[in-house]
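Here the structure comes first, spelled out in structure tokens, and everything after it is commentary.
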Amino acid sequence: MVEKFSHDIAIVGAGAAGLRAAIAAATFSDKLSIGLLSKVYPMRSHTVSAEGGTAAVLKEYDSLDLHALDTIKGSDYLADQDAVELFVREAPSEVIQLEHWGCPWSREEDGKLAARAFGGMSVKRTLFAADKTGFHLLHTLFQHSLKYPSIVRYDEWFVLSLAVEGGAVRGLVALDLRTSELAFVSASAVIVATGGAGRMYQFTTNGVIKTGDGMAIAYRAGVPLKDMEFIQFHPTALPGTGILITEASRGEGGYLKNKDGERFLSRYTPEKMELGPRDILSRALVQEIREGRGFEGPFGAYLLLDLRHLGEKVIDSKLPFVRELALNYAKIDPVKEPIPVRPAQHYTMGGIHTDVNGRTPLPGLYSCGEAACVTINGANRLGSNSLSECLVFGRRAGLDAASFALSRREGGHNPGGDLSVSSEQYTSLAEEKMNRLLKKEGGQERLAEIRESLQSLMETKVGIFREDEGLREALREIRELKGRLPSAKVDDRGRTFNMEMVHAFELDFMLDVAESVAYSALMRRESRGAHFRTDFPKRDDRSFLLHQLSYNTPEGPRGEKLAVNVTRWQPTERKY
Amino acid sequence: MFVLDALNYASDWLDGSLAFRWSCRMGVCGSCGALVNGTPKLTCAAPIPETGEVLIEPLHNFPVQKDLVVDIGGFMEKLVRVEPWIIRERERALEEGEYPQKPEELEKYDQFSACINCMLCYAACPVFAADKEFIGPAAAALGFRYNLDSRDEGANERLDLLTGGAGAFDCTFVGECSIVCPKNVDPALALQRIKIDAAVTSLKSIMRRGK
Ligand SMILES: Cc1cc2nc3c(=O)[nH]c(=O)nc-3n(C[C@H](O)[C@H](O)[C@H](O)COP(=O)(O)OP(=O)(O)OC[C@H]3O[C@@H](n4cnc5c(N)ncnc54)[C@H](O)[C@@H]3O)c2cc1C
Ligand code: FES
């Protein structure tokens, strides 16, 4: 028996973006019923790991234009400037809103919100809650959301696919992890807020749940992904684990040093030094290592992040989590010793193509947060813009979806409308897929082999430096892995918390997302922001001041181009 | 090498049916709790002992769903019960900006806001072991966190919730919760202070009535 649920709005994902959208919709009208589905309990969402802070113009020395310019320059001029202008305008009230909801922001002596420096931001504009900003933001949003009875949670439910009919979204298919029972959730509007896809890389700051599910689900439903070639690498993660050491440690004054004890960034970003943007810094670290000025360790080459001169007091008050992480996971006390660091995958700039209201080209389907691509991030996101993005565009998507769903309800439609095919047809597709996994005899490879092959090929061929041949190989290999996945071995035949089955679905999603990343990277024959082609090392505005969309086809991704919206800031050379 | 790494090795290469929760592997999402050699720990932060041998069991005091996955549904309901949101008579408009809060005011509730809901304290709590209705360390500390927040005016309402039913007064102050907390929260202290605050409040209301 397939269970059926019905909501005006179904939200997939309960991180910062999904929760913000849910609250916005709930406050828009208490008549709306909102289903909030998440494959983990909301407070486990990876927003929890964000450390450094949230950017917004709240200080008298700052201005909206400056935040916009920093963001646009940071994006290597690929951000849509109308979206950026709207974003910087709405970010401050979102930070205040979170303050009103109880977020424990760090304060100045006079009780005002404290701001810190961050990479690529020209003044101190990053508001923070010690170095656990994401944790506090997520818990505040989650706790506040508990106030609204109209938000109905489906914790530990895994969404598999969308139902699309008559050119509009009608609902979704989800799996209850406790029982592996499938359910059909009909909805007038679906908001995809499933976060990024960092787990397709070997070294990543992302948690294991960041597998790009929502991107793949939308892509398979015919919605294009945008600017997928732009993958952010963060310069300072712990070797081995990929655990992030926040940029706030440099914002508070930390130094990056090579084997000779030199602050080598003087040769790369002489003006900004440690506070240059992440794309340039990550490349600089790799360059230092390649030229023999790194250290050799059990997990490969690394450089040093030195915080000793900040002193114990600053470290404990501003960067307590950094100290805890370094002590626990690298056995290093940053008060006494520098921390070994190396670049690691961190953020997916690309995502589901949306406008500034979170609308995708498919009526009724919305997206926000890291899963979406509006885009304010263009070719390189500035640190601390993304939590603000989750709030600003989470709210916008929630409001727009709410008014859309309300108008449908007032027009007398059932949520999701009346399906011409029965909802069972949607669930039976998923059921078949599940049964193939659960009832399969034999099978050769372990899922982990396929996953590790993907992660290693993305790391080496679609990483910080890329070139034509490597990208073609990557595409071939991804397609080959797709062919191998269906015959992989599955040990778990049970239906209670069958995590192996979930991982198989996630890997299936990641392969689609990876293919679109490799494809878009191959098509962009220039270097811009985080996308660096050794065979085309220059930015080429004449041919590539454009977004790339990729559409899913049986033969693989199909590309389309879209103009960048330029309002007031003409592209110039990017120097730091 | 951490206990979580061993679990992952086992499920990747030996037996894919092994079920356990994890995500951030940096001690902040709170998913990966288990008993490690008998003590509640975050498996992602618990090193494998020198001997190379380690006993891993599901957290005590919760129904086991499968392997290390336990049912925390009861806790999720308790969370709502303590009204973990700012309660005010009049809310500020956004245009009025932030509520000023001095660093020393933040300091008052800061540690109680650091709970990651990992459930280790419930696994260690003898009162919860005996009575699953007991509000317990994490939910009580969270409610108390809002009571201490200078922006909040809901303390009286919340004290009733925190002490009613199987509330804070059931705590026998064993203090195991604070010992096992991986984030240095002191829920035992929160529970004691809730009792004191509740006693003071009811004393005050008796005195007022007496006047
Ligand atoms: C270590 C780290 C530090 C960071 N620090 C900062 C910082 O200081 N400042 C900043 O601005 N940004 C930072 N970022 C980036 C920022 O945290 C993220 O981009 C942002 O939190 C993403 O939020 P989200 O709501 O889009 O997604 P997430 O928080 O990742 O949430 C995704 C949600 O979708 C759900 N989900 C996914 N797939 C499915 C499915 N198939 N079915 C059901 N549910 C599903 C998940 O359960 C989860 O609830 C950091 C990122 C990392 C990794
Ligand atoms: S995996 Fe997140 S706390 Fe251990």
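Derivation of every value follows stated rules applied to the coordinates shown; laboratory data play no part. Note that the structure is predicted; figures quoted are calculated from it, not measured. As a convention, Cβ positions derive from the backbone with ideal geometry for all residues, glycine included, and neighbour counts pool all protein chains shown.
Packing-wise, with mean Cβ within 10 Å as the measure, how do A:282-293, A:393-404 rank, highest first?
Details: A:282-293: 18.0, A:393-404: 25.5.
Order by mean packing, descending: A:393-404, A:282-293.
Where does the stretch B:3-70 land on Rg(C-alpha)/(2.2 N^0.38 Å)? Please list the in-between numbers first.
Numbers: Rg = 11.3 Å, N = 68, 2.2 N^0.38 = 10.9 Å.
Output field value: 1.03.
The calculated pair-distance distribution of the stretch A:168-216 uses every alpha carbon pair, bins of 10 angstrom beginning at 0, and gives 23, 37, 32, 8 percent.
Applying a threshold of 31 Å to the alpha-carbon distances of A:K272/A:K313; A:K210/A:K259; B:K41/B:K102; A:K210/B:K78 flags A:K210/A:K259; B:K41/B:K102 as lying beyond it. For the stretch B:145-187, which GluC sites (Glu not before Pro) are in a loop by DSSP, counting at most 15 other Cβ atoms within 10 Å? For GluC sites (Glu not before Pro) across the stretch B:145-187 that sit outside H, G, I, E and B with at most 15 neighbouring Cβ atoms in 10 Å, the list reads B:E153. Averaged over peptide B:26-38, the number of partner chain Cβ atoms lying within 10 Å of each residue's Cβ comes to 5. Straight Cα distances below 13 angstrom link B:K183 to the aspartates and glutamates A:E324, B:D110, with same-chain residues fewer than 8 positions distant left out.
Per-residue Cβ neighbour counts within 10 Å put A:R263, A:R528 in the sequence A:R263, A:R528, beginning with the fewest.
Here the alpha carbons of the stretch B:108-211 define both size measures, Rg and Dmax, at 13.9, 48 Å. Between the Cα long axis of helix A:468-484 and the first principal axis of chain A there is an angle of about 40°, rounded to the nearest 10. Taking amide hydrogens as placed 1.01 Å from N in the peptide plane, the amide H of A:F532 sits under 5 Å from those of A:R466, each at least 5 positions away in sequence or on another chain.
Helix A:423-438 sits at what angle to the longest principal axis of chain A, using alpha carbons and giving 0 to 90 degrees rounded to 10? For A:423-438 against chain A, the angle is about 60 degrees.
Computed 3J(HN,Hα) for the stretch A:176-190, one whole-Hz value per residue from the Karplus formula 6.51 cos²θ - 1.76 cosθ + 1.60 where θ = phi - 60°, is 7, 5, 5, 10, 6, 7, 8, 9, 9, 10, 8, 7, 6, 9, 10, glycine and proline marked x.
Counting other Cβ atoms within 10 Å as a rough exposure proxy, the listed residues A:V356, A:V95 run A:V356, A:V95 from fewest neighbours to most. Here is how the number arises for chain A: DSSP H runs of 4 or more residues each give -39500 (n - 2.57), the sum is divided by the residue count, and the result at 222 nm is -11500 deg cm²/dmol. Karplus-derived 3J(HN,Hα) values for the stretch A:448-454, using 6.51 cos²θ - 1.76 cosθ + 1.60 with θ = phi - 60°, are 4, 5, 5, 4, 5, 4, 4 Hz; glycine and proline are entered as x. Along each principal axis, taking the top coordinate minus the bottom one, the Cα set of the protein assembly as shown gives 85, 64, 62 Å in descending order.
Mean residue ellipticity at 222 nm from the helices of chain B, using -39,500 (n - 2.57) per DSSP H segment of n ≥ 4 over the full residue count, to the nearest 500 deg cm²/dmol?
Details: 9 runs with 83 residues, N = 211.
That comes out to -11000 deg cm²/dmol.
Each peptide among A:304-314, A:505-515 gets the average number of other Cβ atoms lying within 10 Å of its residues, and from highest to lowest they stand as A:505-515, A:304-314.
Applying both filters, DSSP loop and at most 10 other Cβ atoms within 10 Å, to the chymotrypsin sites (Phe, Trp or Tyr not before Pro) of the stretch A:9-96 gives A:Y61.
Shown for chain B is the translational diffusion coefficient from the Stokes-Einstein equation, using the Kirkwood radius over Cα pairs, a temperature of 37 °C and a viscosity of 0.692 mPa s: 175 µm²/s. Restricting the calculation to Cα atoms, every distinct pair contributes to the Kirkwood radius of the stretch A:278-395, found to be 17.1 Å. Summary of packing: across the peptides A:462-474, B:46-58, the per-residue average of other C-beta atoms within 10 Å ranks them, highest first, as A:462-474, B:46-58. Against chain B, whose longest principal axis is taken from its Cα atoms, helix B:187-210 shows a tilt of about 20°. Of the trypsin sites (Lys or Arg not before Pro) in the stretch A:1-103, the ones in a loop by DSSP (not H, G, I, E or B) with at most 13 other beta carbons within 10 Å are A:K31.
Rounded to the nearest whole Hz, the Karplus-based 3J(HN,Hα) values (6.51 cos²θ - 1.76 cosθ + 1.60, θ = phi - 60°) of the stretch B:63-77 follow the sequence x, 7, 8, 6, 6, 9, 7, 10, 8, 10, x, x, 5, 4, 6, with x at glycine and proline. Peptide A:98-111 has a mean shielding of 6, counted as Cβ atoms of other protein chains within 10 Å of each residue's Cβ.
Here the Debye sum runs over all C-alpha atoms of the stretch A:423-545 as equal scatterers in vacuum, and log10 of I(q)/I(0) at q = 0.14, 0.16, 0.21 Å⁻¹ comes out as -0.69, -0.80, -1.10.
Here the convex hull built on the C-alpha positions of the stretch A:235-343 has a volume of 86 cubic angstrom per residue. Remark: mean inter-chain Cβ contacts per residue of B:90-103 equal 5, using a 10 Å Cβ-Cβ cutoff to other protein chain atoms.
Would you mind ranking A:D65, A:D155 so that the residue whose beta carbon has the fewest other beta carbons within 10 Å leads the list?
Numbers: A:D65 13, A:D155 20.
Placing the least packed residue first, the sequence is A:D65, A:D155.
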